[in-house]
Amino acid sequence: MEKINVGFIGVGGIAAKHLENISKNEHASIVAVCDINPDRVREVGEQYGVPSYVNVDDMLQNESLHALFVCVPPFAHGLIEEKAASRGIHLMVEKPVGLDLPMVRAKEKAISDSDIICSTGYCLRYLDTVAKAKEYLTGKQIAMIRAHYLTKFVPTPWYRKMSLSGGQLVEQTTHTVDLIRYLGGDFRTVYTNSALNVMNDIPDIDIPDVTSVNFMMESGAVGNLSSTFIQADHQTGIEIMGRDFRVIIDGTSLHVIEKDNKVTFESEIDFYEEQDNAFIEAIRFNKKELILAPYSEAVKTLAVTLAANHSGETGQPKQLDDYEIVAEV
């Protein structure tokens, strides 16, 4: 295959980073961009010298695409993935992949049936320090996990509405949930306490500003995840503990602490660039194994965050198996 023709749906926010990365990749070419904001998409189209669209169907009809980046808000996916999959167009879908589990399951089936390559936006899996942590944890019994996602409020209007964003757990802290899954295995049970305590002066807000999720993993490990947007700075991290060892990922840094030893590793890569380049390489050589966060993994991570939200709403713990069965009815 010559250069891979890449289109973009959604050019705001994180799409800017993906656009930059693909523009630098010698094996790919940006050929078209699409966004419902006509001024923004026109500007991006002019920046990269490609046609701009405000209608997805028009772009899919008029352009010859090998791959498509879907960088839209969680409520705005519609049938984008199904339409691309039916045309054999490979996908990179930003997180979260949706808000409704049955709808996302339908997309998962369409993607699987089409046999396209599909990556998702769980970029932390591509960190070199995460790879070291995963290697270190192989064969070790994990007893406890502590994690946090602490940051400031996002002023984007749809972020503050549960029906549009799913709240912070689904929209942002999903990265930390996915990292827990990647390193510690699948969740069995979640129990959530959440509240809108100090940010209720924001117009139209109905999402909690503080959330605490207690959980148990399929392995038997127990843990807690704290999530909030009431802070002025940004801190994320995960601490995985077993007998006489701790693995700490603090931002992008890794600390491995044993009984008589501590080692620190600093990341040396741009994990967004690693993710995007892996997507292009997977298409070039038809190697799905290069994709560390395929769509099926994103669906599992979404299920955890949606179940945690439901637990917060009902005040009851949620079994992940039961939640998925109920959600699909």
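The amide H of Ile207, built 1.01 Å from its N in the peptide plane, has Met162 as neighbours under 5 Å, considering only residues 5 or more places off or on other chains.
Residues whose amide H comes within less than 5 Å of that of Ile4, counting only those at least five positions distant or on another chain, are Ala28, Ser29 (H built at 1.01 Å from N in the peptide plane).
For the chain, the solvent-accessible area of protein heavy atoms averages 45 Å² per residue (probe radius 1.4 Å; ligands and nucleic acids excluded). Here volume of the Cα convex hull per residue in Å³ was calculated from the structure, and among [x] 132; [y] 141; [z] 166 it sits at label [y].
Think of the stretch 82-237 as a dipole: +1 on every Lys or Arg Cβ, -1 on every Asp or Glu Cβ, centred on the Cα centre; then among Gln231, Ser112, Trp158, Ser112 lies furthest on the positive end.
Compute the longest continuous run of the chain that contains no exposed trypsin sites (Lys or Arg not before Pro); treat a site as exposed when its DSSP state is not H, G, I, E or B and it has at most 10 other Cβ atoms within 10 Å.
On the way: sites that count: Arg243, Lys259.
Answer - 1-242.
In order along the stretch 215-232, phi translates into HN-Hα couplings of 8, 10, 8, 4, 6, x, 5, 10, x, 9, 10, 9, 9, 7, 10, 9, 9, 8 Hz, rounded to whole numbers, per the Karplus curve 6.51 cos²θ - 1.76 cosθ + 1.60 with θ = phi - 60° and x for Gly and Pro.
Residues in the stretch 248-265 carry Karplus couplings, in order, of 10, 10, 10, x, 10, 8, 10, 10, 10, 10, 10, 3, 10, 8, 9, 10, 10, 10 Hz; the curve used is 6.51 cos²θ - 1.76 cosθ + 1.60 with θ = phi - 60°, and Gly or Pro positions show x. Taking amide H as placed 1.01 Å from N in the peptide plane, the amide H of Phe187 sits under 5 Å from that of Glu218, each at least 5 places away or on another chain. Phi-derived couplings, Karplus 6.51 cos²θ - 1.76 cosθ + 1.60 at θ = phi - 60°, listed residue by residue for the stretch 80-86: 4, 5, 4, 5, 5, 4, 5 Hz, with x used for Gly and Pro.
Excluding Tyr295 itself, what net charge comes from residues whose Cβ is under 9 Å from its Cβ, given Lys and Arg +1 and Asp and Glu -1? Don't skip to the answer; put the middle values down first.
Working: positive: Lys107; negative: Glu81, Glu108, Glu297.
That sum, taken over residues with Cβ under 9 Å, equals -2.
Using C-alpha pairs under 8 Å with a sequence gap of at least 6, the mean separation divided by the residue count of the stretch 90-131 gives a relative contact order of 55 percent. Quick one: Cα centre-to-centre distance for the stretch 219-262 and the stretch 269-290, in angstrom? Spelled out, the Cα-based centre of one part sits 27 Å from the other.
Return the whole-Å distance between the Cα centroid of the stretch 104-155 and the Cα centroid of the stretch 17-79. So the two Cα centres are separated by 25 Å.
Within the set of other residues whose C-beta is less than 13 Å from the C-beta of Ala131, count the net charge using Lys and Arg as +1 and Asp and Glu as -1.
-1
Legend: residue pairs Lys134/Lys259; Lys83/Lys161; Lys24/Lys300, Cα-Cα distance threshold 21 Å; pairs beyond threshold, Lys83/Lys161; Lys24/Lys300. Across the chain, C-alpha contacts under 8 Å between residues 6 or more apart give a mean separation that, scaled by the residue count, equals a relative contact order of 19 percent.
Where nothing but the Cβ of Lys and Arg (+1) and of Asp and Glu (-1) is charged, how large is the charge dipole of the stretch 206-301 around its Cα centre, in debye to the nearest 20?
420
Rg/Rh, computed from the Cα trace of the stretch 215-329 with Rh as the Kirkwood radius, has the value 1.02. In the stretch 189-329, the portion of solvent-accessible area held by carbon and sulfur atoms comes to 47 percent [1.4 Å probe, whole percent, DNA, RNA and ligands not counted]. Under the convention that each Lys and Arg Cβ holds +1 and each Asp and Glu Cβ holds -1, the size of the dipole of the chain around its Cα centre is about 560 debye.
What is the stretch 72-180's relative contact order, in percent, from Cα pairs under 8 angstrom and six or more apart in sequence?
Values: 92 pairs, mean separation 34.5, N = 109.
Averaging sequence separation for qualifying contacts and normalising by length gives 32 percent for the stretch 72-180.
Let a ≥ b ≥ c be the square roots of the eigenvalues of the Cα gyration tensor of the stretch 201-252; is it rounded (a/c under 1.5), or, if not, prolate (a/b larger than b/c) or oblate? The shape class here is oblate.
The values are calculated or read from the model by the stated rules, or taken from the named source; none is laboratory data. Since this is a predicted model, take the numbers as computed values, not measurements. Virtual Cβ from ideal backbone geometry, glycine too; neighbours counted across all protein chains shown. Side chains included, ligands, DNA and RNA excluded: accessible areas come from the protein's heavy atoms. Shrake-Rupley method; radii C 1.70, N 1.55, O 1.52, S 1.80 Å.
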